[in-house]
Amino acid sequence: MSPYGSDLPHRPKGLGGTPMPRRPMRRKLLQALTAGVVLATATGCSYTWKDFPRLGMPTPVTEEAPRILSLWQGSWAAALITGVLVWGLIMWSVIFHRRSRTKIEVPPQTRYNMPIEALYTVVPLIIVSVLFYFTARDESKLLALSAKPAHTINVVGFQWSWVFNYVENVDGDVSTPKPRLLPVPEGAEGEAAKPRTTQVPKELASIPDRFLKDFPAGAEGVYTKGVPGDRNPDKGWPGPTLYLPKGEKVRFILSSNDTIHSFWVVPFLFKQDVIPGHTNVFEVTPTQEGTFMGKCAELCGVDHSRMLFNVKVVSPEKYRAHLKELAEKGQTGYLPAGIKQTDPARNAETNKL
């Protein structure tokens with residue numbers, strides 16, 4: 001009987017009252033650790049040691065992707081250092097502060113230790129602050145827009161595929177498309193009531209003015225509209241194919257015709273939501289030719305899993321040749337780029353948002 005009025009647990013006994021051996025327990029622990037190692041490494045059997053530094057990320061294929069990969073690797077390094085420290089403290093406590101076999105007293109308890117409690121609060125704050133700093137720094141770089149991108153592509157998500165509007169001067173004539181008269185807002189006065197013309201087609205009228213001004217002169221454009229049953233001619237992968245020129249900056253203007261989607265090209269290591277009534281924009285410069293998988297990364301309805309597409313990075317010459325092929329097929333102009341918006345709503349956001 002202990003001084004606290006009850007028997008403390010002793011070593012478990014087997015049949016006949018004899019103590020159970022410790023060896024089976026150790027054997028089970030070793031088996032559990034072995035199974036854990038197998039499970040942790042089995043999923044990476046298709047990777048080589050050359051792939052290990054990327055920690056599961058695909059090979060970057062744009063100038064911007066290595067920054068994302070570096071942030072990913074840094075986050076893993078910080079998590080590993082923190083984990084090793086915590087695991088080390090746990091093992092140290094288990095080994096050096098375990099209950100003695102011969103002594104039954106309760107070990108000394110530490111309460112209301114202000115330095116330790118302050119450490120518990122300050123260290124997590126420092127970790128989160130460092131991660132926030134590097135994330136905010138890289139995000140601002142990744143979302144920065146150039147003064148004049150070489151190419152602009154309007155990506156329109158709809159249930160259940162994609163439209164790619166290539167905002168390009170395919171025919172080389174800066175007088176096309178022909179200017180059209182803009183409607184005068186009801187009740188407008190002064191300058192707002194004066195008739196205005198624009199070369200921007202009505203299909204792209206939902207795109208904010210701050211992006212329209214960067215369109216190339218005479219951009220009559222061509223388009224590709226996909227369906228889930230499309231197949232890439234090179235790989236046989238499902239979905240329509242978006243062509244991009246290698247080594248030239250491309251601005252993506254994302255819009256939606258119905259619900260929220262997400263535009264994700266896997267080896268870009270980057271994705272961004274496609275939101276109705278809101279225009280998201282980002283830029284990339286492809287650095288590697290090839291065909292790469294893309295998909296919608298936002299649960300957008302019953303056939304979300306079919307919203308697949310492909311990105312084919314080719315030479316600038318082949319890119320221009322593809323645009324001419326689309327024009328020869330009659331796929332000239334643009335398809336509607338998102339839901340209709342009033343002018344104040346369309347231009348409500350600024351470049352700082």
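Working from Cα pairs under 8 Å separated by at least six residues, relative contact order for region 45-163 is 25 percent.
For region 289-353, which whole-number percentage of the solvent-accessible area (1.4 Å probe, protein heavy atoms only) is attributable to carbon and sulfur atoms? Here carbon and sulfur together make up 54 percent of the probe-accessible area. Counting only protein heavy atoms and a probe of 1.4 Å, the accessible surface of region 53-113 is 68% carbon and sulfur. Remark: spin-label model distance Val86-Arg111 equals 2.6 nm, labels positioned 7 Å along the Cα→Cβ axis. Residues whose amide H falls under 5 Å from that of Ile253, counting only those 5 or more places apart or on a different chain, are Ile153, Asn154, Val155, with hydrogens built in the peptide plane. For the pair Ser140 and Trp76, a Förster radius of 25 Å applied to the C-beta separation gives a FRET efficiency near 0.70, rounded to the nearest 0.05. A 1.4 Å probe run over the protein chains yields, for region 252-337, 41 Å² of accessible area per residue, whole-number rounding. Annotation: amide H-H contacts under 5 Å for Gln159 (H modelled 1.01 Å from N, sequence separation of 5 or more, or interchain): Thr259.
Distance from the Cα centroid of region 94-111 to that of region 256-321 is 58 Å (rounded to whole angstrom). Measuring against 31 Å, Cα to Cα, the residue pairs Lys318/Lys340; Lys213/Lys235; Lys235/Lys340; Lys235/Lys324; Lys235/Lys271; Lys141/Lys329 contain Lys318/Lys340; Lys213/Lys235; Lys235/Lys340; Lys141/Lys329 as the ones spanning a longer distance. Shown in residue order for region 289-301 are the 3J(HN,Hα) couplings computed by the Karplus curve 6.51 cos²θ - 1.76 cosθ + 1.60 at θ = phi - 60°: 6, x, 10, 10, 7, x, 7, 7, 9, 10, 5, 10, x Hz (x for Gly and Pro). Between Val130 and Lys213, the C-beta separation translates, for a Förster distance of 41 Å, into a calculated FRET efficiency of about 0.60. In loop segments of region 102-184 as defined by DSSP, the trypsin sites (Lys or Arg not before Pro) with at most 15 further C-beta atoms inside 10 Å of their C-beta are Lys103, Arg111.
Amide H contacts of Leu242: Asn310, Val311, Lys312, each under 5 Å away and 5 or more positions distant or on a separate chain (H built 1.01 Å from N in the peptide plane; Pro and chain starts excluded). Averaged over residues, the count of other Cβ atoms within 10 Å places the peptides 116-129, 149-162 in the sequence 149-162, 116-129, highest first.
The values are calculated or read from the model by the stated rules, or taken from the named source; none is laboratory data. All of these numbers come straight from a predicted model, not from anything done at the bench. For neighbour counting, all protein chains shown are included, and Cβ atoms are generated from backbone atoms with ideal geometry for every residue, glycine included. These accessible areas exclude ligands, DNA and RNA; they are computed on the full protein's heavy atoms, side chains included. Shrake-Rupley method; radii C 1.70, N 1.55, O 1.52, S 1.80 Å.
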